[in-house]
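Q: Okay, handing you the structure first.
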Amino acid sequence: MTTQTDVITESREPGPSGQDPQDPLATRGGESKRSIEQLALLLFICIPFVALVAAVPLAWGHGMSWLDLGLMVGMYFLGCHGITIGFHRHFTHGSFKAKRPLKIALAIAGSMAVEGPIVRWVADHRRHHKFSDAEGDPHSPWRYGETLPALMKGLWWAHMGWLFDEEQTSQQKYAPDLIKDPAIRRVSRDFWLWTAISLLIPPLVGGLATMSWYGAFTAFFWGSLVRVALLHHVTWSINSICHAVGKRPFKSRDRSGNVWWLAVLSCGESWHNLHHADPTAARHGVLRGQIDSSARIIRWFEMAGWATDVRWPDAERIASRRQDAVQKAA
């Protein structure tokens, strides 16, 4: 039976710059349009990052209220779970089936994380799994070698440098199932709308709640800019840090590791070693004490009847993927 993850084995070759000539969502219009996209991407990365740096002295004073904190935390975890449950576990790996309303809601929630259109995100991630930490991986920290200078350069590349690479993953090759879905294709094409909504909700709520422009400004700073910057860097840390350091209790064909101190902020994604050992598993934190809020929410969806065919890893499956079990079998 063909699953969502099987599509990465198709053989069609991409066109120039990694684009598929038949990809309806691939960037067209030449270098000028690509330059505009690169500039926009640069602004979306740098402006929130500057806000994050400025957040420390601002928080020390009186520039943050409980409302700002609530908006930042609420919007953060809405977007984070949209990415981890929606973009990643459901759309990329098919860890569970979702009823139509939930499927669309997850696509929109993930888009509000401001990490790119869903079709592009999924295509990049499926390609990452096909070539994980090898040639062809779009964001491996081991891209330049294993010396310290090479690793430092590779960590920068894996964290955010790869986002500026002119080569684009073929969406037709790696995500044809999403392109064929009209609703998901529409959500992907309307990415800038979801971005605008995501950034405008905090100042709108803050302004109305305080009936002041200052309340709208602080809500925008914390609930929009700082929140987006923090979520971006946590997500990128899964690509960089979790492929360079961390414990590896499970056997995988790459260098993915578990980084415990990122578990809460990444909504369970930093239990990355098990994920690469068993990519379609709905739960990543499978060992005692490993917090995985995404798996908990998926369980709630399942109990409500909104999610079905959830691929929960059982004890036997987990045991078979442990390093010691693989060594004994060898």
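Q: Step through the residues of segment 128-138 one at a time and calculate ³J(HN,Hα) from phi using the Karplus curve (6.51 cos²θ - 1.76 cosθ + 1.60, θ = phi - 60°), rounding each to whole Hz and writing x for Gly and Pro.
A: Result, ordered by residue: 4, 6, 5, 10, 3, 6, 9, 4, x, 5, x Hz.
Q: Going by C-beta contacts inside 10 Å, put Arg185, Arg288, Arg89 in order with the fewest on the left.
A: Placing the least packed residue first, the sequence is Arg288, Arg185, Arg89.
Q: Another question about this same structure. Can you put Leu287, Leu274 in order, fewest other beta carbons within 10 Å first?
A: Sorted ascending by nearby Cβ count, the order is Leu287, Leu274.
Q: Could you tell me which of rounded, prolate or oblate describes segment 47-329, using a ≥ b ≥ c as the square roots of the eigenvalues of the alpha-carbon gyration tensor, with rounded for a/c under 1.5 and, failing that, prolate when a/b is larger than b/c and oblate otherwise?
A: Prolate is the answer for segment 47-329, as a/c is 1.5 or above and a/b outweighs b/c.
Q: By counting other Cβ atoms within 10 Å of each Cβ, how are Tyr144, Tyr174 ranked from fewest to most?
A: Tyr144, Tyr174
Q: Among 200-211, 221-232, how do they line up by average Cβ neighbours within 10 Å per residue, starting with the highest?
A: Sorting 200-211, 221-232 by mean packing, highest first, produces 221-232, 200-211.
Q: Kindly provide the GluC sites (Glu not before Pro) of segment 71-160 that DSSP labels as loop, not H, G, I, E or B, and whose Cβ sees at most 14 other Cβ atoms within 10 Å.
A: Of the GluC sites (Glu not before Pro), the ones in loops of segment 71-160 whose Cβ has at most 14 other Cβ atoms within 10 Å are Glu135, Glu146.
Q: Here is the link list: Lys99/Lys251; Lys99/Lys247; Lys97/Lys130; Lys103/Lys247; Lys97/Lys247. Which ones come out longer than 27 Å on Cα distance?
A: Check vs 27 Å cut-off fails for Lys99/Lys251; Lys99/Lys247; Lys103/Lys247; Lys97/Lys247.
Computed from the coordinates by the stated procedures, all read-outs in this text should not be read as laboratory data. Since we're looking at a predicted model, the values are computed, not measured. We place every Cβ from the backbone using ideal geometry, glycine too, and count neighbours over all the protein chains shown.
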